[in-house]
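K.L.:
Here you go, one structure.
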Amino acid sequence: MSLLALSNVSVRYGRLTAVRSVTFTMAEGEILFITGPNGAGKSSLLRAIAGVTPPSGGRIDFADHDITGRAPEDIARLGLSMVPEGREVFGSLTIEENLMVGTGMRSAERGWKARAATELEAVYATFPILKDRRHTQAGLLSGGQQQMLVIGRALMTNPRLVAIDEPSLGLAPNITDQVYERLIALRAERKLTLLIVEQSSTRAMIVGGRMMLMRGGEILLDGDARALGQSEAMQAAYFGYGDH
Amino acid sequence: MGSLLQVIFDALSLGSLYALGALGIALIFGVMRLVNFAHGDVIAASVFALLWPSVDAVAIIFAGNLPWFLLIPFVLAIGAGLSVASEAVVFRRFRRTNPATMMIASFALGFVIRYFLLMLFSSRPKSISLLPSLSQPVEILGARIPLLQIITIAVTMVVLFGLTAFLRRTRFGLEMRAAAENFTMARMLGVRANRVIMGAFALSGALAAAIALILGSQTGTANIMMGANVMLMAFIATVIGGMGSLAGAVLAGFLLGAIATVMQVILPPDARAFRDAFVYGAVILVLIFRPQGLLSARGTRERV
């Protein structure tokens with residue numbers, strides 16, 4: 001049984017079609033990289049999955065629920081946590097407040113406060129720098145720290161799937177290494193399913209897993225990250241050589 | 001000394017009204033990017049809720065005879081209820097439109113409320129005696145300060161501290177602050193858009209009702225236009241405070257109150273009739289030097 005299933009999903013902004021009839025499924029625990037050049041429709045696809053831009057066609061299922069056109073908060077509450085491009089921290093809130101925003105969706109359950117506190121300690125254990133600066137305004141953090149904060153913030157919602165848009169954007173390579181190191185460790189710890197959008201395929205080839213190549217709103221290739229990354233088909237598809 | 005104290009109290013109580021009004025506008029602008037021009041009419045409607053509908057010159061008091069501990073919650077509930085209803089009936093449909101469209105919708109709603117009151121009560125101001133015990137003066141250091149002014153200032157301080165505590169200490173406050181900064185991100189973290197927006201409207205409506213109570217007691221009349229002047233000044237205060245910044249709105253509200261009161265004192269008697277022109281002149285000066293407002297809010301570009 002797949003955790004996430006898209007069938008013929010399209011996204012349009014006015015007359016512009018950003019995503020054309022995309023179909024794929026993800027199994028629980030899988031790691032999937034979606035790569036592709038600028039303007040391929042990767043972010044639009046993620047925004048459709050998260051409910052930010054409702055798809056103009058097709059159907060999206062997550063955890064046995066039809067989430068097509070559902071509100072972002074409903075989708076988040078089902079356990080799909082989105083980390084959008086550009087990190088989007090709440091700059092005037094402290095680190096701890098940022099982390100706590102997402103715990104409210106469990107507030108109807110008994111003992112959620114104790115669980116949120118445990119969760120907070122777990123996130124602090126993963127990202128100690130956040131604990132040291134817990135009462136600092138998030139807007140004052142460096143890019144790498146903000147990236148850790150938004151990943152931690154997504155984890156606080158206790159998700160089954162985390163979708164991350166360009167985690168390496170604007171980060172120094174060694175910081176990107178750190179972020180990925182944590183992500184991989186988290187995946188193993190929590191059996192997280194990870195959907196990661198990156199412009200380049202380098203990171204996917206280092207980490208391994210499954211990779212899809214998107215271009216012009218369509219998925220052109222889908223396969224093992226390392227095998228695909230070295231193939232000529234990848235190069236051709238990425239840059240559009242041999243287009244008809 | 002006595003007259004200086006009087007000026008200070010005048011400035012603070014007028015500033016309190018503007019600050020409460022500006023807060024009501026900034027709260028909604030914060031979560032929805034809507035400048036709610038119907039706010040002034042919610043103020044008027046909250047006062048008229050105390051009267052029985054009639055077009056006679058003499059007001060037929062209905063809920064106005066309630067003891068204060070029932071009257072105040074009643075009026076606050078009317079303001080909050082009307083404000084929440086205006087969200088559910090009108091503004092919800094405009095959430096994905098641009099801010100200009102929403103603003104025009106709010107003008108339209110304001111006119112609907114105003115003309116509804118006009119139909120029920122006529123345009124003649126009606127004399128009411130709301131909380132009459134508050135109009136007696138109190139002697140402080142030789143100045144005679146109306147008790148109502150002192151209460152207005154005290155109530156405003158309580159509201160400001162209460163709201164700050166609410167926003168800083170409660171789960172709902174945290175969600176509101178997050179939503180005000182980046183609504184889409186807050187929703188992706190499971191924050192319910194409808195709940196937060198409704199909460200903002202309820203708070204804003206209760207603030208409008210608080211203004212209604214103060215104005216009603218101060219002037220002793222109910223007038224369908226009574227909210228218009230406060231609304232205009234409150235709107236200006238949110239602009240010079242920095243749209244969406246609650247602290248800025250409050251600060252600018254008090255600043256406007258101070259400017260208006262001081263102008264009243266220092267302008268030559270012949271020019272006093274044009275006091276507002278001088279106040280707006282000062283507003284233009286502020287905006288020339290700080291177009292983003294005194295305290296600019298973060299994330300004003302994001303909306304639902």
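K.L.:
Check whether at least one residue in the range B:168-185 is closer than 30 Å to A:Leu155 by Cα, surrounded by 14 or more Cβ atoms within 10 Å (Cβ to Cβ), free of Cβ contacts under 8 Å to residues at least 24 places away in the same chain and under 21 Å from the mean Cα position of the chain (by Cα), and report yes or no.
P.N.:
Looking for residues that are closer than 30 Å to A:Leu155 by Cα, surrounded by 14 or more Cβ atoms within 10 Å (Cβ to Cβ), free of Cβ contacts under 8 Å to residues at least 24 places away in the same chain and under 21 Å from the mean Cα position of the chain (by Cα), one finds at least one in the range B:168-185, hence yes.
K.L.:
Would you confirm whether any residue within the range A:52-64 is within 13 Å of chain B (Cβ to nearest Cβ) and buried (at least 18 other Cβ atoms within 10 Å of the Cβ)? Reasoning before the result, please.
P.N.:
Initially, the range A:52-64 is screened for residues within 13 Å of chain B (Cβ to nearest Cβ), giving A:52-54.
Checking the rest, the ones that are also buried (at least 18 other Cβ atoms within 10 Å of the Cβ) come to A:52-53.
So far as the range A:52-64 goes, yes, one or more of its residues are within 13 Å of chain B (Cβ to nearest Cβ) and buried (at least 18 other Cβ atoms within 10 Å of the Cβ).
K.L.:
Restricted to the range A:104-139, and to residues that are hydrophobic (A, V, I, L, M, F, W, C) and within 13 Å of chain B (Cβ to nearest Cβ), which residue is surrounded by the most Cβ atoms within 10 Å (Cβ to Cβ)? Working first, answer last.
P.N.:
Filtering the range A:104-139 down to residues hydrophobic (A, V, I, L, M, F, W, C) leaves A:105, A:108, A:112, A:114, A:116-117, A:120, A:122-123, A:125, A:127, A:129-130, A:138.
Filter again for within 13 Å of chain B (Cβ to nearest Cβ), leaving A:105, A:108, A:112, A:116, A:138.
Details: A:Met105: 22, A:Ala108: 7, A:Trp112: 15, A:Ala116: 19, A:Ala138: 25.
Across the range A:104-139, the extreme among qualifying residues is A:Ala138.
K.L.:
Moving on. Can you say whether A:Ala204 is out of contact with any strand residue (DSSP E or B) (no Cβ under 6 Å at 6 or more places or on another chain), part of a helix (DSSP H, G or I) and not β-branched (Val, Ile, Thr), as far as the supplied structure shows? Before you say what the answer is, go through the steps one by one.
P.N.:
Numbers: out of contact with any strand residue (DSSP E or B) (no Cβ under 6 Å at 6 or more places or on another chain): no; part of a helix (DSSP H, G or I): yes; not β-branched (Val, Ile, Thr): yes.
Against the criterion (out of contact with any strand residue (DSSP E or B) (no Cβ under 6 Å at 6 or more places or on another chain), part of a helix (DSSP H, G or I) and not β-branched (Val, Ile, Thr)), A:Ala204 does not qualify.
K.L.:
Here is a further query. Given B:Ala193, B:Ala237, which one is surrounded by fewer than 24 Cβ atoms within 10 Å (Cβ to Cβ) and either closer than 23 Å to B:Ser86 by Cα or touching a residue at least 60 places away in the same chain (Cβ under 8 Å) (or both)? First the steps, then the outcome.
P.N.:
On the way: B:Ala237 fails: surrounded by fewer than 24 Cβ atoms within 10 Å (Cβ to Cβ).
The match here is B:Ala193.
K.L.:
Here are some residues: B:Ala165, B:Ala105. Which one is over 23 Å from B:Ser217 (Cα atoms), free of Cβ contacts under 8 Å to residues at least 24 places away in the same chain and buried (at least 17 other Cβ atoms within 10 Å of the Cβ)?
P.N.:
On the way: B:Ala165 fails: buried (at least 17 other Cβ atoms within 10 Å of the Cβ).
Every option except B:Ala105 fails the conditions.
K.L.:
Still on this structure, I have one more. Please find, within the range A:84-103, the residue that is farthest from the other protein chains (Cβ to nearest Cβ) out of those that are outside any loop (DSSP other than H, G, I, E, B) and crowded, with 24+ Cβ neighbours inside 10 Å. Steps first, answer last, please.
P.N.:
The first filter runs over the range A:84-103 and keeps only residues outside any loop (DSSP other than H, G, I, E, B), leaving A:94-103.
Subset that is crowded, with 24+ Cβ neighbours inside 10 Å: A:95, A:98-99, A:101-102.
Details: A:Ile95: 13, A:Asn98: 8, A:Leu99: 10, A:Val101: 5, A:Gly102: 4 Å.
Of everything passing the filter in the range A:84-103, A:Ile95 is farthest from the other protein chains (Cβ to nearest Cβ).
K.L.:
Which of the helices (runs of 4 or more DSSP H) contained wholly in the range B:72-191 include at least 3 residues that are away from chain A (no Cβ under 14 Å)? Break it down into steps so the answer makes sense when it comes.
P.N.:
Values: elements: B:99-121, B:147-169, B:171-181, B:183-188.
So the answer is B:99-121, B:147-169.
K.L.:
Now a separate question. Would you confirm whether or not the range B:260-276 contains a residue that is at pLDDT 90 or above, part of a helix (DSSP H, G or I) and closer than 26 Å to B:Ala80 by Cα?
P.N.:
no
K.L.:
Report, by residue number, each residue of the range A:66-76 that is touching a Gly at 6+ places or on another chain (Cβ under 8 Å) and either crowded, with 20+ Cβ neighbours inside 10 Å or more than 8 Å from every other protein chain (Cβ to nearest Cβ) (or both). First the steps, then the outcome.
P.N.:
Start the filter on the range A:66-76 by keeping residues that are touching a Gly at 6+ places or on another chain (Cβ under 8 Å), which leaves A:67-76.
Within the range A:66-76, A:Ile67, A:Thr68, A:Gly69, A:Arg70, A:Pro72, A:Glu73, A:Asp74, A:Ile75, A:Ala76 qualify.
K.L.:
Looking at B:Gly248, B:Gly257, B:Gly253, B:Gly244, which is the one that is part of a loop (DSSP other than H, G, I, E, B), surrounded by 14 or more Cβ atoms within 10 Å (Cβ to Cβ) and under 21 Å from the mean Cα position of the chain (by Cα)?
P.N.:
Details: B:Gly248 fails: part of a loop (DSSP other than H, G, I, E, B); B:Gly257 fails: part of a loop (DSSP other than H, G, I, E, B); B:Gly253 fails: part of a loop (DSSP other than H, G, I, E, B).
Testing whether each residue is part of a loop (DSSP other than H, G, I, E, B), surrounded by 14 or more Cβ atoms within 10 Å (Cβ to Cβ) and under 21 Å from the mean Cα position of the chain (by Cα) leaves just B:Gly244.
K.L.:
Which one of these is away from chain A (no Cβ under 14 Å) and touching a helix residue (DSSP H, G or I) at 6+ places or on another chain (Cβ under 7 Å): B:Thr238, B:Thr219? Give the derivation first.
P.N.:
Working: B:Thr219 fails: touching a helix residue (DSSP H, G or I) at 6+ places or on another chain (Cβ under 7 Å).
Just one listed residue meets the conditions, B:Thr238.
K.L.:
Right, next: Return the residues of the range A:126-177 that are within 21 Å of A:Ser44 (Cα to Cα) and in a helix (DSSP H, G or I); say none if nothing qualifies.
P.N.:
The answer is A:Gln147, A:Val150, A:Ile151, A:Ala154.
K.L.:
Mind listing whichever residues of the range A:208-236 are crowded, with 20+ Cβ neighbours inside 10 Å and either of a type in the set (Gly, Ala, Ser) or touching a helix residue (DSSP H, G or I) at 6+ places or on another chain (Cβ under 7 Å) (or both)?
P.N.:
Here is the first cut: in the range A:208-236, the ones crowded, with 20+ Cβ neighbours inside 10 Å are A:211-215, A:217, A:219, A:225, A:228-229, A:234.
Correct list: A:Met211, A:Leu213, A:Met214, A:Arg215, A:Gly217, A:Ala225, A:Leu228, A:Gly229, A:Met234.
The values are calculated or read from the model by the stated rules, or taken from the named source; none is laboratory data. Given the structure is predicted, the values throughout are model-derived calculations rather than measurements. Here Cβ is always computed from backbone atoms with ideal geometry, including for glycine, and neighbour counts include all displayed protein chains.
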